């Protein structure tokens, strides 16, 4: 255990301090704090997967993300590498569908933010998504794209959402909306990325 903790510590930026994850209902809040500014960067993720990790592919999770001061639901796959080729292709061609019954579904276009896939509501759906999330006790989610289960018309994942209001309240306390810096660019041309991915798939 001591060796594992030492390994984790050495992999963290020297300017950031990781806090122990906090479980709130079915949510998990993980934060790192900048030791110079005391500012926190947090990830609030549902513990149940939209799509579990499989065959070397990273999992897809439901998160709550800051979009211009609004806390909205998003489907994410964090810290992608070129080993996770299909998720990268999905970022350029895919869409997530999310529904908080009995409300109608809305589409969430996907894109790359740093090394993460993030599928979040567009500007027209952001206010609605924020309000419906707070009132929901469950969500239905699926991916529509070359690697998502929705590409074949499959059943969506059904996600239970206990503790959402409390989790968001804690999230706001740790990382107030509007203070999260934008993700750093990936540093490569998306077209070049797609060509490399297709080459990796043998095309």
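Per-structure values
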read-out	value
For 119, 31, order by how many other beta-carbon atoms lie within 10 Å, fewest first	31, 119
Segment residue 26-residue 127, extension gain: residue separation times 0.36 nm, minus the distance between their alpha carbons	34.1 nm
Zone of residue 105's modelled label, taken as backbone nitrogen in the stretch 41-65 under 17 Å from a point 7 Å along Cα→Cβ	50-51, 61-62
Modelled FRET efficiency - R0 30 Å, residue 134 with residue 54, Cβ distances, 0.05 increments	0.45
Sequence of 130, 158 once ranked by neighbouring C-beta atoms within 10 Å, starting from the fewest	158, 130
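Read-outs: derived from the displayed coordinates by stated rules, not from any lab. Nothing here was measured: the structure is a model prediction, and the numbers come from that model. Note that each Cβ is placed from the backbone with ideal geometry, even for glycine, and that neighbours are counted across all protein chains shown.
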